[in-house]
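A.B. asks: I have a structure here, written as structure tokens, and I will follow up with some questions on it.
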Amino acid sequence: MPPSLQHLREEVGLSGESWEALGTAWHNLALLWLRAEATLGKSGRTDLSFNEIRMSSIPEEWKDWMSSKLLRTDSTRPSASFGKTFTNYLQGLPASAFKIGGTTMSEVWSRPGKTGILGLILCLYWQAEYSGAGKDWEKNIKRVESIFNAILAIPEL
């Protein structure tokens, strides 16, 4: 995990009991995220501003988390309905965001750091932790895996 994000590893389910409990699919996704995070580090993109976060179309709970990380304050946990909210968000992304050679870099979170693709990991963790993993979670793991693979395939990064 990048040193700048080490302090967030347990909060996003990448260490501790959650890491152990979420299984092989989660571990494989975390490895893919690390590679995509490093790749995006070459993009020159930095953390979103408060205004960019506020204006984005990401779920409110994710926006609140990003803002709290910029302010270095504690965030609140999502409601039990967050899993459905996150599934709806991912389903609402253009199909091209999941495809190699697609439009994933046009998404506001397509950047490294605490306001970047780490949020996709966070939201999946929240979905498992507070909404029950289930079939939506398994499908969302595959969706996010596709996003990370699309990032890794960008030739200019």
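The values are calculated or read from the model by the stated rules, or taken from the named source; none is laboratory data. Computed from a predicted model, the values in this text were never measured in an experiment. Here Cβ is always computed from backbone atoms with ideal geometry, including for glycine, and neighbour counts include all displayed protein chains. Each accessible area value is taken on the protein alone, full model and side chains, heavy atoms only, with ligands, DNA and RNA left out. Shrake-Rupley method; radii C 1.70, N 1.55, O 1.52, S 1.80 Å.
A.B. asks: Looking at segment 1-102, what helices (runs of 4 or more DSSP H) fall wholly within it and have at least 2 residues that are over 20 Å from GLY134 (Cα atoms) and open to solvent by 80 Å² or more (accessible area, probe 1.4 Å)?
C.D. replies: Of the helices (runs of 4 or more DSSP H) lying wholly inside segment 1-102, those with at least 2 residues that are over 20 Å from GLY134 (Cα atoms) and open to solvent by 80 Å² or more (accessible area, probe 1.4 Å) span 16-40, 50-55, 60-71.
A.B. asks: Among the residues of segment 108-128, is any more than 15 Å from the chain's Cα centre (by Cα) and assigned to a helix (DSSP H, G or I)?
C.D. replies: Checked against the condition, which is being more than 15 Å from the chain's Cα centre (by Cα) and assigned to a helix (DSSP H, G or I), segment 108-128 yields no hits at all.
A.B. asks: Let me ask something else about it. One residue is enough: does segment 49-64 have a residue meeting the conditions touching a Leu at 6+ places or on another chain (Cβ under 9 Å), under 13 Å from LYS114 (Cβ atoms) and among the β-branched types (Val, Ile, Thr)?
C.D. replies: Yes, segment 49-64 contains at least one residue that is touching a Leu at 6+ places or on another chain (Cβ under 9 Å), under 13 Å from LYS114 (Cβ atoms) and among the β-branched types (Val, Ile, Thr).
A.B. asks: Among the residues of segment 104-157, write down those that are open to solvent by 10 Å² or more (accessible area, probe 1.4 Å), small (Gly, Ala, Ser) and touching a helix residue (DSSP H, G or I) at 6+ places or on another chain (Cβ under 6 Å).
C.D. replies: ALA128, SER131, SER146
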